[in-house]
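The values are calculated or read from the model by the stated rules, or taken from the named source; none is laboratory data. What you are looking at is a predicted structure, and each value in this text was computed from that prediction instead of being measured. For neighbour counting, all protein chains shown are included, and Cβ atoms are generated from backbone atoms with ideal geometry for every residue, glycine included. The area values use the complete protein model at the heavy-atom level, side chains included, leaving out ligands, DNA and RNA. Shrake-Rupley method; radii C 1.70, N 1.55, O 1.52, S 1.80 Å.
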Amino acid sequence: CVCTENCFVPTSEIIAVEEAELNKKQRNGGKWQKMGKPHAFTVYYVKKARNHRWRCSDVTFWCADEHLCNQWIQALKELLEMQKSRPKQLLVYINPYGGKRQGKRIYEQKVAPLFSLASISTDVVITEHANHAKDNLFEVNINKYDGVVCVGGDGMFSEVMHGLIGRMQKDSGIDQNNPKAPLVQCNIRIGIIPAGSTDCICYSTIGISDPVTSALHIIVGDCQPLDVCSVHHNSTFLKYCVSLLGYGFYGDILKDSEKKRWMGPMRYDYSGFKTFLTHHYYEGTISFQPAKHTLGSPRDKYTCRTGCYICKRSEQQLAQQQKQCGLKHEEEEWKVIKGKFLAINAVNMSCACPRSPKGLSPAAHLADGSADLILVRKCSRFDFLRYLVRHTNQDDQFDFSFVDVHRVKSFQFTSKLSEDNESNVTDVGKKRFGHFCRDHPACCCNIANSTWNCDGETLESSAIEVRVHCQLMKLFARGIEETCKDEAAYRQSSVEQLL
């Protein structure tokens, strides 16, 4: 066989193999003319470009022997059949209203042709209302699918995630309202085709928000475990969270932006600027259990990458710790912090995006069974601006006297207003008004509670209990790949020194 170019492609990154028809120009070209009637086959494969972008490329092989050509085609197809992690049947949910309303077009033009090329069968559902996908996942025969794909933004992903995890707990007889219940892992992978206003989860797990790249990760059958937080209030289940759980600044932005959906993605910029100018702080109490099983720290330089060593070791140590302690692990020491906060953020991942390439917590890990709890105490507006600017550059964003960060496996928050509600209601009203008028005389505001921003959705209660569930679900992803082999070697040696 003869190929027109030199390349090396691992079997795991071959997309498909097909018999090729040679056009007249190719048949009449130089050395192929000597073959008489040449035969050919084309190999479609993943070609990696800059900034973690993947593309479907192809290379064609010619040979004079038809039998040899067919042997090659058969051998390569058998190799692909041996890739057991690859999906053959997918359930696809498309949100036609999210982002710039391009979800259906993106899927049909960029994704569906690749699935067809890879011989993947799909059942497509166009969602018609909120929670359509979530409700549908409780009804379908989920066992016939190798994965579920959501086409949309982070909101669409959250809906599919809630449907899958909820279905798994229901089938297993697990009460989601019990905050201490051990949840059953969801083995059905979720694929994300980014088509929304924000695609933070896709960016943080692949390294880029690009529909073709995401589709190729699905086709080759990548698998990335992901931690999930459960959020409860008074033994009532509220939400699951995989990226940001934010109170104060990010909660206020979300609450304000929800009123301005007509502005499209620009509403976040407007609401962010407006919220920054109001500069509200909120009093409350944070209680948390440190994640002693983890190997890294929020302040270290070891970011989560493909095949992350820290995630694997942390998972093993957490399992060993729970096995040794049994039920006693629930009785571990809690640390309590009271104060006035501009922002309280808990993140399961870096929360990186194009505007903030390092994210809210650059060293947060995808699957180590912990969350990074970031407490931004009351400070001047100028200092808070300095902190926000750190999200866009390479500086240590936790290097401020008013910022604390802790790696936790569970935490609870109660606002000052909720605590005061245990006393006389009239007195609470006086405290509430007097407190904020004294600190904000210009605006004379009387806002005592913020809103929790849970993966872009608001929570009704400010008092919550949060628990991290290690690797509760899986994505069609592999984490962000290293861009340099030397850098990878350096990181590995650094981690070993750390341990």
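For residue 238, the residues 5 or more places off, or on other chains, whose built amide H falls under 5 Å of its own are 231, 232, 233. Relative to the 2.2 N^0.38 Å rule of thumb, the stretch 177-289 has a C-alpha radius of gyration ratio of 1.33. Phi-derived couplings, Karplus 6.51 cos²θ - 1.76 cosθ + 1.60 at θ = phi - 60°, listed residue by residue for the stretch 475-483: 10, 7, 7, 9, x, 7, 7, 5, 9 Hz, with x used for Gly and Pro. Database remark: amide H of residue 452 closer than 5 angstrom to the amide H of 459 (H placed geometrically; neighbours at sequence offset of 5 or more, or on other chains; Pro and chain starts carry no H). Counted over the stretch 117-244, the DSSP beta bridges are approximately 45% antiparallel. Per residue, the average separation of C-alpha pairs within less than 8 Å and at least 6 apart gives the stretch 268-406 a relative contact order of 27 percent. List residues of the stretch 178-206, by number, whose backbone nitrogen lies under 18 Å from a label position 7 Å along Cα→C-beta of residue 144. It comes to 188-189, nothing else.
The label-point distance for residue 338 and residue 321, in a model that sets each label 7 Å from Cα toward Cβ, rounds to 2.8 nm. Amide hydrogen proximity for residue 196: with H placed 1.01 Å from N in the peptide plane, the residues at 5 or more positions away or on another chain lying under 5 Å are 153.
The modelled label-to-label distance between residue 124 and residue 392, using points 7 Å beyond Cα along the C-beta direction, is 3.8 nm. In order along the stretch 244-252, the Karplus-derived 3J(HN,Hα) couplings, from 6.51 cos²θ - 1.76 cosθ + 1.60 at θ = phi - 60°, round to 10, 10, x, 10, x, 4, 6, x, 5 Hz, and Gly and Pro are given as x.
Sequence-ordered 3J(HN,Hα) estimates for the stretch 204-217 from the Karplus curve with 6.51, -1.76 and 1.60 and θ = phi - 60° stand at 6, 10, 10, x, 7, 9, 9, x, 5, 4, 5, 4, 5, 5 Hz, glycine and proline given as x. A 1.4 Å probe run over the protein chains yields, for the stretch 178-306, 35 Å² of accessible area per residue, whole-number rounding. For the set 21, 481, the ranking by accessible area, highest first and with no ligand, DNA or RNA atoms included, is 21, 481 under a 1.4 Å probe.
Listed cross-link partners 338/474; 180/474; 77/100; 338/409 are compared with a 27 Å cut-off, the Cα-Cα value being larger for 338/474; 77/100. For the stretch 42-114, what does the alpha-carbon gyration tensor say about shape, rounded, prolate or oblate, given a ≥ b ≥ c as the root eigenvalues, a/c under 1.5 as rounded, and a/b over b/c as prolate? It comes out prolate by the Cα gyration axes. Shape analysis of the stretch 141-195 places it in the oblate category; the axes a ≥ b ≥ c from the Cα gyration tensor give an a/c of at least 1.5, with a/b not above b/c.
For the stretch 195-347, the relative contact order works out to 27 percent when only alpha carbon pairs closer than 8 Å and six or more residues apart are counted. Note on residue 131 and residue 70: with the Förster distance fixed at 51 Å, the Cβ-Cβ geometry gives a FRET efficiency of about 0.50.
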